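Below: one structure, written as structure tokens.
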Amino acid sequence: MQFWKSSKKKVMVIGLDSAPPELIFNQWLDKLPNIRALIQGGAHGPLRSCDPPITVPAWSSMMSSKNPGKLGIYGFRNRADHSYDKLSIATSAAIKEDRVWDILSRAGKNVILIGVPQTYPPPKELHGHMVTCFLTPDTDCQYTHPPAFKYEIKQVVGEYILDVKNFRSEQKDETLAQIHDMTRKRFKLARHLLKKEAWDFFMMVEMGVDRIQHAFWKYMDKTHRKFVPGNPYENAIFDYYQYVDREIGELLSFADRNTTVFVVSDHGAQKMEGGICINEWMMQNGYLTLSQKPSALTPFSGAKVDWSKTRAWGEGGYYSRVFMNVKGREPQGVIEPAQYEAERDRLIEKIEAITDDQGKPIGTRAHRPEQLYPVTHGIAPDLIVYFGNLSWRSVGSVGLGTLHTFENDTGPDDANHAQHGIFVMHRSGERYPDPLQGLHLMDMAPTILRIMGLPVPSDMEGRVVSVVR
């Protein structure tokens, strides 16, 4: 039996950014009654993220069914050209491919979108309502469609919160209060729209899950090197998950028997072991030369680089983008094009051999973009590096003078990303108790279109998820 029967259907997608299957499916499922009911009455499984498993581009990859190479987006900031300092922020303007709501809007379906990453700035044309994402600078900007809807939001929730300000902070009480306040307002607005507006497709993404994990993971995880038993925030993440589950339960009252409900995440999460200072390593190994050594910790963008003596450098983040200084491509390139592959092979071998602070292998993988993607648009990195299978982050700043660090250069952060998020699909009267295997986030878009009775474009890369009983 297929997971659809009629073209006259509704779809509700509840996105929980960064929610890991280990917590929801295994550790806490019995304490999350609404998610548990959806799983018991439907289908679920781990959802493989894209490469890299980062919020931007993962949600757009999910909703377009196109890989990041096709989208030309490899993170929040991407090289705008082959110069050394020109970066562009991947807003909605960077997305040139249709996402699900574009197709549905053209088909006359009523859509409601709240907080979906890479929706700012909002489109001029949309058949429905949109509230943009955490990339929105502030609520003084035009962050809704239609434009006048922003005034209604203020009447419903007061001052809307787009994101948690400075969630990488030691002000933990303030951070925790902001996360709960943001989530409360987002779900309240969602209920308002679901009740007031006609809709065929509803999608919201709650960023609080991601923010609370980055801010509080070490307080929860007994295996984290910074865990302190009996700390006051030991249950902060668990309590928040229970709260989100209650909010999901409220949304489910708007889902009738003709509504397919999804609860999904774009990637997972795991404890952060520490940071690998990629540019310190580059300097130690003769790839990067500074004309002036910094006297203190300095972001790489502020470093004085001698490009005429530099062969490679890296960007910081939950993974590392490594770029090579190629003659004829970069302004002061030094690597001969004929030597590019040999140089890259050596770089891969050396990076993958980086150990932890005790000299033990950590299982780093350095990926060539052309091996991850059939096509690469935009300016792709020369290497996409997952330190310790993403259990170590990349630190791009210079001035530490050491390869390993256990302090984040952008503020306190306890968690890194993981490659599998969650997939829950519930349709009245149909269930599949065993976890589904082989799910990919690019399967979401074609599955939604099929449920809603629309043709799946031939260039979508995912498959339609079906469940046979």
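Since every read-out is calculated from the coordinates, none of them should be taken as a lab result. Since this is a predicted model, take the numbers as computed values, not measurements. Here Cβ is always computed from backbone atoms with ideal geometry, including for glycine, and neighbour counts include all displayed protein chains.
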(request) Could you pull out every one of the lysines with an alpha carbon less than 17 Å from that of residue 350, ignoring same-chain neighbours closer than 8 positions? (result) 360
(request) For the stretch 1-104, state the semi-axes of the equivalent ellipsoid (square roots of 5 times the eigenvalues of the alpha-carbon gyration tensor), sorted largest first and rounded to whole angstrom. (result) 32, 20, 10
(request) Consider a paramagnetic label point 7 Å from the Cα of residue 170 along Cα→Cβ; state which residues of the stretch 216-234 have an amide N under 18 Å from it. (result) 216-219, 226-228, 231-233
(message) To test your reading of the geometry: what angle, between 0 and 90 degrees and rounded to tens, separates the Cα axis of helix 172-196 from the longest principal axis of the chain?
(response) 40
(request) Evaluate the Debye formula for the chain with equal point scatterers sitting on the alpha carbons, no solvent, and hand back log10 of I(q)/I(0) at q = 0.08 Å⁻¹, in q order, two decimals. (result) -0.48
(request) Please name which of 440, 339, 429 has its Cα lying farthest along the dipole of the stretch 313-469 towards the positive end, using unit charges on Cβ (Lys, Arg +1; Asp, Glu -1) and the Cα centre as origin. (result) 429
(message) Run the reach check for residue 304 against aspartates and glutamates, Cα to Cα strictly under 14 Å, same-chain hits fewer than 8 apart removed. What comes back?
(response) 85, 280
(request) Name the shape class, rounded, prolate or oblate, that the alpha-carbon gyration tensor gives for the stretch 364-433, where a ≥ b ≥ c are the square roots of its eigenvalues, rounded holds for a/c under 1.5, and otherwise prolate holds if a/b is larger than b/c and oblate otherwise. (result) oblate
(request) Specify whether the C-alpha gyration tensor of the stretch 274-412 places it in the rounded, prolate or oblate class, a ≥ b ≥ c being the square roots of the eigenvalues: rounded for a/c under 1.5, otherwise prolate if a/b is larger than b/c and oblate if not. (result) oblate
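For 425, 283, which order do you get if you count the other beta carbons within 10 Å of each Cβ and list the fewest first?
The most exposed by this proxy come first: 283, 425.
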(message) For residue 165, give me every one of the aspartates and glutamates with a C-alpha distance below 19 angstrom, ignoring sequence neighbours fewer than eight places off in its own chain.
(response) 17, 138, 140, 173, 174, 181, 206, 210, 409, 413, 414
(message) Quick check: Cα centre of the stretch 175-235 to Cα centre of the stretch 71-132, how many Å?
(response) 23
(request) Using DSSP, restrict attention to beta bridges with both residues in the chain and report what percent are antiparallel, rounded to the nearest 5. (result) 55
(message) Please arrange 141, 277 by how many other C-beta atoms lie within 10 Å of their C-beta, fewest to most.
(response) 141, 277
(request) Compute the long axis of helix 55-64 from its Cα atoms, compare it with the longest principal axis of the Cα atoms of the chain, and write down the angle in degrees, 0 to 90, nearest 10. (result) 50
(message) Treating only the Cβ of Lys, Arg, Asp and Glu as charged (+1, +1, -1, -1), what charge dipole size does the stretch 274-412 show about its Cα centre? Round to the nearest 20 debye.
(response) 160
(request) List the longest stretch of the chain that has no exposed loop site; here a site is one of the GluC sites (Glu not before Pro) assigned by DSSP to anything other than H, G, I, E or B, with at most 14 other Cβ within 10 Å. (result) 198-406
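Holding the Cα-Cα limit at 28 Å, pick out from 31/66; 188/271; 66/124; 96/196; 109/150; 86/154 the pairs that are longer than that.
31/66; 188/271; 96/196; 86/154, as the Cα separations exceed 28 Å there.
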(request) May I ask you to sort 267, 82, 426 by Cβ crowding, counting other Cβ atoms within 10 Å and putting the fewest first? (result) 82, 426, 267
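Within the stretch 274-412, what percent of beta bridges assigned by DSSP are antiparallel, to the nearest 5?
Roughly 75 percent of the beta bridges in the stretch 274-412 run antiparallel, per DSSP.
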(message) When the expected Rg is taken as 2.2 N^0.38 Å, what fraction or multiple of it is the alpha-carbon Rg of the stretch 323-370?
(response) 1.40
(request) Multiply the residue separation of residue 96 and residue 341 by 0.36 nm, subtract the distance between their alpha-carbon atoms, and state the gained length in nm to one decimal. (result) 85.2 nm
